[in-house]
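Asker: For reference, the structure I am asking about is given below.
The values are calculated or read from the model by the stated rules, or taken from the named source; none is laboratory data. The model shown is predicted, which means the values in this text are computed figures rather than measured ones. Cβ placement follows ideal geometry from the backbone for every residue including glycine, while neighbour counts extend to all protein chains displayed.
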Amino acid sequence: MKLDLLGDRQRTHYCGELRKEHAGQTVFLAGWVDVRRDLGNLIFLDLRDHTGRTQIVCNPAISVEVHDRADEVRGEYVVGVEGEVVVRAPGTVNSQLATGEVEVMARTLLVLNEAKTPPFPIEDETKTSEETRLRYRYLDLRRGRMQRNIRLRHRASEVVRAHMGEHGFQEIETPFMTRSTPEGARDYLVPSRLHHGYFYALPQSPQLFKQLLMIGGFDRYYQIVRCFRDEDLRADRQPEFTQIDIEMAFPQRDVLFDIIERLMEKLFALVDVKVERPFPRMTYDEAMEKYGSDKPDLRFDLEWKRISLPLGWAFEVSGRHIDNSKVLRIPKGASLSRSQLDKLEETAIAGEADYWRWVKLTEAGIQSSFSKALPPNTVAGLIGEAEAQQGDLIIFLGTVGASAERRLNEVSDEMRHKFAKKFNLIKPSTWSFLWVVDFPMFDYDEKEKRFAAMHHPFTSPREEDLEKLESDPKAVKARAYDLVLNGSEIGGGSIRIHCQDIQRRVFKVLGLSDEQARERFGFFLEALEYGTPPHGGIALGHDRINALMAGESSIREVIAFPKTASAIDMMCEAPAGVDPEQLDELGLKLKQD
Ligand code: ASP
């Protein structure tokens, strides 16, 4: 097909802009053919760009040439149209379309480019598989929904920049090719051609650089920055993701929290959500106790309680005493049938609970899954502890043996969500922000028999816990905090260690000798010796925040070119093999398995 040239023609309007007031004007629109309808003597084209669609009428009575040309175009062809805006006849107004009261009578139709038939229709709601969408991402991005998401993200980034600027934060770039940074994941490595056998690591976060910027006197820093973590596959993880990374000198936690809360307020205003400030705070211990999670979803009320058992009575499983148990009261839960409860029990046991019993407080009396009838005073005691009323269901959950506490938390978190879903308890249009504070400083790895930093090793212990650092590391709390929204962790940070001596002691607990610490972070430890101000900060998950704002459950919906859950770029087909010469230049050889 012979294509037309755009020449020096300028668009007068976008495709979503024309209204009744434009009637009588001659306009020039350009975009993609969304739909073509051939009614024999008339051909209609819906012309689409990022702002919307306009109906174009190709009428041979106005131009035979335009009508002939329109006969040749197909969906996704790129065309330019010049013509007059006219008001549609009353019966033909399309109320679904913002431009639906008008149409353009084409006098000129330029076919600027052809298009192959796309592998899926360009529509807002799609049933196309994600793989196909990602393989043809440039077509997927034409869909209104993706346009809205990516454009919302742009506005969110603008809000971040303006807000941080207002508060005196400097946007400073930090290197992508660097040394390993300590966020606890595997590094992506870049081999050096000039120095065979040496590698750069892509940063898991700019953690050390932002601390160095505080030592360098910048006072307040931020960056919307890509981070790279080679982590195990999980549904909603991306090997490269974006953080709003923030650090400030002489920090007061409350000041930082306030800056972040106001940022959230502005961001969510973009989607007409009013954010309530200040955000509530909860200690890590309380979150784990009541919700079994350090990122509890507080859009619903279900709370686990640890119970003291009535005297002389113990929960047992296969003769073993249950040492960790919690009880959950589900208001009006007695309506669940036995088979529904059996299904939930299967889930709980598959989720590694060792013990599961229920009690229903029905009108007909008390029913329970306890194997032997409970003495009435025991029942009364348990109901009292659970603060249950008639119509309620009470669930008892327990674990024994190795990692009992961890498993109890995991299952209680999972079951809490299951019940919330079953009983539709999640309040819609609720935005529940929460600061979780006072995290433990260390995580004990049972398998490796050693401590790991729960946040990262530059996080400061609470001052009052310093003396327990060596004697009782498990009891030491960190000056770390997470920001949670509707059960998703959207940020995390801490007040940092700024004294060499404490940093050295923390490394010791983590099993790093002075020697090893110097080898890994020597440049940083040295910097700490030159007058480091107290400092602290946070990193917010830009992808996750945008997904929540856009109402999407996957962060891939707010990233222009994401990778699949198995870290593959379907479109570019990355990762890919390389030429043997390239490997040779890098001094690398592939292992033959
Ligand atoms: N660097 C940390 C992270 O990426 C955040 C922080 O401590 O500021 O999780």
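Asker: Out of (1) within 16 Å of the ligand (Cβ to nearest atom); (2) loosely packed, with under 15 Cβ neighbours inside 10 Å; (3) hydrophobic (A, V, I, L, M, F, W, C), the odd one out for ALA402 is which?
Answerer: ALA402 satisfies every listed condition except (1).
Asker: For the subset of region 440-456 comprising residues that are in a strand (DSSP E or B) and away from the ligand (no atom under 16 Å from the Cβ), which member is surrounded by the most Cβ atoms within 10 Å (Cβ to Cβ)?
Answerer: Among residues in region 440-456 that are in a strand (DSSP E or B) and away from the ligand (no atom under 16 Å from the Cβ), the one surrounded by the most Cβ atoms within 10 Å (Cβ to Cβ) is PHE451.
Asker: How many residues are among the acidic types (Asp, Glu) and on the phi > 0 side of the Ramachandran plot when one looks only at region 186-202?
Answerer: Within region 186-202, residues that are among the acidic types (Asp, Glu) and on the phi > 0 side of the Ramachandran plot number 0.
Asker: Which condition number in (1) within 15 Å of the ligand (Cβ to nearest atom); (2) in contact with a Lys or Arg (Cβ under 8 Å, 6 or more places away or on another chain); (3) touching a residue at least 60 places away in the same chain (Cβ under 8 Å) is the one that ALA185 fails?
Answerer: All conditions are met except number (3).
Asker: Please go through region 189-226 and pick out each residue that is touching a residue at least 60 places away in the same chain (Cβ under 8 Å), buried (at least 19 other Cβ atoms within 10 Å of the Cβ) and either near the ligand (Cβ under 10 Å from one of its atoms) or in a helix (DSSP H, G or I) (or both).
Answerer: Of everything in region 189-226, those that are touching a residue at least 60 places away in the same chain (Cβ under 8 Å), buried (at least 19 other Cβ atoms within 10 Å of the Cβ) and either near the ligand (Cβ under 10 Å from one of its atoms) or in a helix (DSSP H, G or I) (or both) turn out to be SER205, GLN207, LEU208, LYS210, GLN211, LEU212, MET214.
Asker: Then there is this: Here are some residues: GLN340, GLN390. Which one is under 33 Å from the mean Cα position of the chain (by Cα) and surrounded by fewer than 18 Cβ atoms within 10 Å (Cβ to Cβ)?
Answerer: GLN340 is the lone residue from the list that is under 33 Å from the mean Cα position of the chain (by Cα) and surrounded by fewer than 18 Cβ atoms within 10 Å (Cβ to Cβ).
Asker: Okay, next question. Within region 53-79, work out how many residues are part of a loop (DSSP other than H, G, I, E, B), in contact (Cβ under 8 Å) with a residue 12 or more places away in the chain and more than 13 Å from ARG36 (Cα to Cα).
Answerer: 4
Asker: Quick check: anything in region 508-529 in contact with a Gly (Cβ under 9 Å, 6 or more places away or on another chain), assigned to a helix (DSSP H, G or I), modelled with pLDDT of 95 or more and away from the ligand (no atom under 16 Å from the Cβ)?
Answerer: Checked against the condition, which is being in contact with a Gly (Cβ under 9 Å, 6 or more places away or on another chain), assigned to a helix (DSSP H, G or I), modelled with pLDDT of 95 or more and away from the ligand (no atom under 16 Å from the Cβ), region 508-529 yields at least one hit.
Asker: Mind listing whichever residues of region 190-206 are hydrophobic (A, V, I, L, M, F, W, C) and closer than 20 Å to GLY522 by Cα?
Answerer: Listed by number, the residues that qualify are PHE199, ALA201, LEU202.
Asker: Follow-up. Quick one: how many residues across region 31-51 are within 38 Å of the chain's Cα centre (by Cα) and under 19 Å from PRO118 (Cα atoms)?
Answerer: Matching residues across region 31-51 total 10.
Asker: How many residues does region 398-416 hold that are of a type in the set (A, V, I, L, M, F, W, C) and at pLDDT below 90?
Answerer: Residues meeting the conditions: 3.
Asker: Pick out, from region 80-188, the helices (runs of 4 or more DSSP H) lying fully within it that include 1 or more residues that are under 28 Å from ASP8 (Cα atoms).
Answerer: The qualifying helices (runs of 4 or more DSSP H) are 137-140, 144-166.
Asker: Sort out which residues of region 227-247 are farther than 17 Å from ALA574 by Cα, out of contact with any Gly (no Cβ under 9 Å at 6 or more places or on another chain) and within 12 Å of the ligand (Cβ to nearest atom), and write them in order of number.
Answerer: Within region 227-247, just CYS227 meets the criteria.
Asker: Being buried (at least 19 other Cβ atoms within 10 Å of the Cβ) and under 17 Å from PRO534 (Cα atoms) is the filter here, so list the residues in region 457-480 that pass it.
Answerer: Within region 457-480, PRO457, PHE458, THR459, SER460, PRO461, ALA478, ARG479, ALA480 meet the criteria.
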